[in-house]
Amino acid sequence: MSKKNLEKIYFKALNKVKAKSIIKDNISLEKNILTISNGKIDLNKFNNLYIFGVGKAAFSMAKECENIIGKKIKGGFIISTSKGNLNYLKHFTSTHPDVTTKSEDAANKLIDNVKKLKKNDYFIFLLSGGASAMIEKPILGLSLEDFIKASSSLLTSGIDIKALNTIRKSISQVKGGKLADCIKSNGKVLVLSDVIGDDLNIIGSAPMNNGKFQHILVGNNEIALNEAKKFCKKDYEKVEIITTTLDYPSKKASKYVTKLIKEYDKKYSSFVLLFGGETTTVVKSGGGYGGRNQELALRLLLENVVNEDISILCAGSDGIDGRSDANGAFVTFKTIEKMNEMKLNPKEFLENSDSNTFFKKLGFDFVTGITGTNVMDFIIIEKKGR
């Protein structure tokens, strides 16, 4: 039952930060008055309303905006990794996590579209994680090929997202508020945060953050985990969000999480511990499959804290974990039983950065598919009392 319980908790957190929830919570329209968060915009005062967006959640966020605002939308341009068409907006499918020629095409098209905005128009810009890779226009003198080489090296180096995006901004014509510099009209930016501390200078490499436009945080890790906490409260003796800013390397993170599991295990007959954030992983071998969540799960398995009562799920909120089709992995007592039965050596898989192969062989990889949102990762620890 633990696997099922962990899944329920995960999806409770995830659904709170999916497009349907975050757009409905923040946008409404009554006659010609558009409410965005707590601010009211009288559309009679503007010529046309446009919607733009970039990121993993951009397509689904745009679709929900269309459901609410409908024919009031004059047009716009959305870039995501999803496939599909929108009713009032053009949609372009770009790439992630790799920067490709599609990223450059997307950036050029987006720049062309935002430049068409007139002073008396109004826009909503939907920004979510993944935008950094989906739109790119290197600075003059730097070829896209050289930019791609630099990005690829950084992605597998273990560098954290803050440092990664700082470097990306310095060699880009769209990041660090440079896209916003192209816009003459008024508007607001709705932000779904996928970074530690919700730093607006970091999310999506800040294409719209030039100090001119208000940014409104509509979804983050904390909102998601609070929903999970609320859901769990009635069934466990103790439910606690330990942190929403976990940013250790996976080895250090596993020691930190293990220490807390042991402490809570001594005090409570049942509990749920919730962690949010993003660990870092250095890829040791080019042939392995997996990602930071599955590697953390593998390290926690090796810490010997899982037993008949204690189970763990480490998973991303976006549906992707490194070079694999899984989103994360479960570590339960049955995982260990199956591992012993199949005589698999977890240390070997860890050494080869091949955590996905390990969990897949056992049937304990967690596959969700692309979720349409991204608020970093969730670590869920459950102790179910006997």
Quick one: in region 43-71, of everything that is free of Cβ contacts under 8 Å to residues at least 60 places away in the same chain and in contact with a strand residue (DSSP E or B) (Cβ under 6 Å, 6 or more places away or on another chain), which residue is surrounded by the most Cβ atoms within 10 Å (Cβ to Cβ)?
-> ILE69
Any idea which of SER151, SER157 is open to solvent by less than 40 Å² (accessible area, probe 1.4 Å), polar (S, T, N, Q), modelled with pLDDT under 90 and not in a strand (DSSP E or B)?
-> SER151
When you go through (1) surrounded by fewer than 20 Cβ atoms within 10 Å (Cβ to Cβ); (2) part of a helix (DSSP H, G or I); (3) not hydrophobic (A, V, I, L, M, F, W, C) one by one for GLN294, which number turns out not to apply?
-> (1)
Test result for SER353, in a loop (DSSP other than H, G, I, E, B), open to solvent by 10 Å² or more (accessible area, probe 1.4 Å) and farther than 30 Å from SER60 by Cβ | yes
Considering only residues of region 340-386 that are in contact with a Phe, Trp or Tyr (Cβ under 7 Å, 6 or more places away or on another chain) and either free of Cβ contacts under 8 Å to residues at least 12 places away in the same chain or of a type in the set (Phe, Trp, Tyr) (or both), which is farthest from LEU313 (Cα to Cα)?
-> PHE349
Look through ASP247, ASP235 and report the one residue that is more than 19 Å from ASP325 (Cα to Cα), surrounded by fewer than 20 Cβ atoms within 10 Å (Cβ to Cβ) and touching a strand residue (DSSP E or B) at 6+ places or on another chain (Cβ under 6 Å).
-> ASP247
Of the residues in region 30-42, how many are under 23 Å from LEU217 (Cβ atoms) and in contact (Cβ under 8 Å) with a residue 12 or more places away in the chain?
-> 5
Given (1) out of contact with any His (no Cβ under 9 Å at 6 or more places or on another chain); (2) under 19 Å from ALA57 (Cβ atoms); (3) assigned to a helix (DSSP H, G or I); (4) open to solvent by less than 20 Å² (accessible area, probe 1.4 Å), ALA133 misses just (1)
Evaluation of SER317 against (1) of a type outside the set (Phe, Trp, Tyr); (2) open to solvent by 30 Å² or more (accessible area, probe 1.4 Å); (3) within 23 Å of ILE261 (Cβ to Cβ) (one fails), failing number = (2)
Restricting region 180-234 to residues that are of a type in the set (Asp, Glu) and assigned to a loop (DSSP other than H, G, I, E, B), the residue that is nearest to GLY129 (Cα to Cα) | ASP194
Select from region 110-130 the residues that are over 26 Å from the mean Cα position of the chain (by Cα) and assigned to a loop (DSSP other than H, G, I, E, B) and list them in ascending order.
-> LYS116, LEU117, LYS118, LYS119, ASN120, ASP121
Could you check how many residues of region 52-92 are farther than 16 Å from ILE135 by Cα and of a type in the set (S, T, N, Q)?
-> 4
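Of these, ALA107, ALA133, which one is of a type in the set (Gly, Ala, Ser), modelled with pLDDT of 95 or more, under 24 Å from the mean Cα position of the chain (by Cα) and within 23 Å of LYS83 (Cα to Cα)?
ALA107
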In region 1-25, how many residues are in a helix (DSSP H, G or I) and surrounded by fewer than 21 Cβ atoms within 10 Å (Cβ to Cβ)?
-> 12
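The values are calculated or read from the model by the stated rules, or taken from the named source; none is laboratory data. Remember, predicted model here, so these are calculated numbers, not experimental data. With ideal geometry, Cβ positions are generated from the backbone for all residues, glycine too; neighbour counts draw on all protein chains shown. In case anyone asks, the SASA skips ligands and DNA or RNA and just uses the protein heavy atoms, side chains included. Shrake-Rupley method; radii C 1.70, N 1.55, O 1.52, S 1.80 Å.
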